[in-house]
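Below is one structure, written out as structure tokens; comments come after it.
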Amino acid sequence: MNLSRNDAIIMQETLDSAISFLSRFRDTFTSTLRWHPLDPLWTNLHSNAPARPSRRWRLAKGLLILASLGAGSSAAASACEAPVAVQVLGSGGPEAQQERASAGYLMWLEGKARVLVDLGGGSFARYGASGARFADLELIALTHLHADHATDLPPLLKSGYFSPRNRALPIAGPTGGGDYPDLEGYLQGLFAAKTGAFGYLAGYLDGSDGLVRLKRHTLEADSQEPIPVLETDDYQVSAIGVSHGPVPALAYRIDVGEQRIVFSGDLNGDDPWFVDFARDADLMIMDHAVPEQAGAVAAGLHALPSEIAEIAKTAEVKHLVLSHLMRRSERALDDSLARIRAVYPGALSVASDLDCFGLEPRGR
Ligand SMILES: [Zn+2]
């Protein structure tokens with residue numbers, strides 16, 4: 001039997017879905033055992049009950065075996081369930097941390113991962129754990145080209161080879177400056193035929209070799225006005241320039257119906273125009289990389305807790321999520337949270353990897 005690449009991929013995805021379903025059933029089933037010890041099924045397992053198992057147990061055992069067979073080949077998908085949600089892929093910064101990958105976020109819409117914001121080291125593995133599908137992505141939005149925000153792009157794209165996707169994939173990123181290339185320079189450095197680090201993936205630049213063409217949007221990192229990035233029937237994405245020391249950097253905003261999500265990326269809090277950009281956000285993810293006592297270099301790159309609080313308060317953000325935590329900001333977290341709570345009256349969360357933040361519908 002001759003299968004095309006797409007046929008084979010679709011068959012594999014169908015199998016993966018079935019395995020994922022059974023894995024979820026198994027997880028539910030085992031947690032039932034754990035939390036309801038008086039359940040008759042539990043009693044069957046842990047008493048001197050008749051040797052012949054009940055029909056219910058035989059059925060459940062059969063399903064458990066099936067689920068176990070599949071468990072090694074597919075992580076259980078756990079899509080964010082709210083109609084609109086943001087999932088944290090990486091809540092850390094550039095340090096190697098035990099429980100935090102470097103920066104990365106997904107915007108889920110009706111159970112599909114649509115927008116990926118940043119993909120630093122380790123976020124690709126979290127992306128796999130999230131159950132997101134490459135075929136569903138409608139935009140990759142890079143805030144800036146620091147390693148902890150952009151290095152897992154090549155593995156993500158390589159994974160796309162095994163996806164049934166054919167349509168081009170939009171990708172947005174900043175203009176260059178100083179030591180930093182612009183988005184195009186970054187992509188050429190990675191994928192240009194012969195000269196790129198991964199020149200064998202040059203098809204991502206031009207759509208050759210059956211690879212998905214990247215549709216590039218290089219955005220002016222000095223812009224103090226919102227830049228339209230993507231408009232679909234369901235949501236609009238825009239960007240604005242932000243100050244991150246010498247690094248050309250962007251913040252992104254996604255408006256979904258009446259709901260607004262803002263990703264600050266890395267910024268030092270010196271941009272009054274960012275407050276307008278973030279105004280009235282239902283959810284804002286901000287980098288919290290430094291404590292209040294940060295030295296001049298660190299404070300030139302990242303907003304202090306007092307600055308984060310002032311921005312979130314002035315912009316009337318409903319829910320602020322602190323992410324991009326580093327060891328220095330974790331050590332001072334209690335102090336930083338107290339400073340922020342003293343000023344900012346909205347909901348406040350500290351991100352962990354794979355956290356999901358669903359948005360409540362509201363009128364605007
Ligand atoms: Zn950075």
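The values are calculated or read from the model by the stated rules, or taken from the named source; none is laboratory data. Keep in mind that this is a model prediction, so the values were computed, not measured. Methodologically, a virtual Cβ is constructed for each residue, glycine included, from the backbone with ideal geometry; neighbour enumeration extends over all protein chains shown.
For the stretch 154-185, which positions are within 15 Å of the ligand (Cβ to nearest atom) and crowded, with 21+ Cβ neighbours inside 10 Å? Selection gives G173, P174.
Can you give me the ranges of the helices (runs of 4 or more DSSP H) entirely in the stretch 126-207 with at least 2 residues that are of a type in the set (G, A, S)?
By residue number, 147-150, 153-160, 183-191.
Taken as a whole, the structure leaves A132 outside the set of residues that are within 16 Å of the ligand (Cβ to nearest atom) and crowded, with 18+ Cβ neighbours inside 10 Å. Contact map, the stretch 222-242: residues that are within 13 Å of A141 (Cα to Cα) and assigned by TED's automatic domain parsing to the domain that holds V115 paired with residues that are assigned to a strand (DSSP E or B) and among the basic types (K, R), Cβ distance under 6 Å, separation 6+ or inter-chain. Pairs shown: S238/R253.
Considering only the stretch 295-304, state which residues are more than 13 Å from the ligand (Cβ to nearest atom) and farther than 19 Å from R341 by Cα. Across the stretch 295-304, the qualifying residues are G295, A296, A299.
Scanning the stretch 265-287 for residues that are of a type outside the set (A, V, I, L, M), within 16 Å of the ligand (Cβ to nearest atom) and in contact (Cβ under 8 Å) with a residue 60 or more places away in the chain gives G265, D266, D287. Please verify whether S336 is in the same structural domain as F263 (by TED's automatic domain parsing), surrounded by 21 or more Cβ atoms within 10 Å (Cβ to Cβ) and not aliphatic (A, V, I, L, M), treating the condition exactly as stated. So S336 passes the test.
Taking every residue in the stretch 90-118 that is under 11 Å from F263 (Cβ atoms) and not assigned by TED's automatic domain parsing to the domain that holds L230 and pairing it with any residue that is basic (K, R) and surrounded by fewer than 24 Cβ atoms within 10 Å (Cβ to Cβ), at least 6 positions away or on another chain, yields no pair with a Cβ-Cβ distance below 6 Å.
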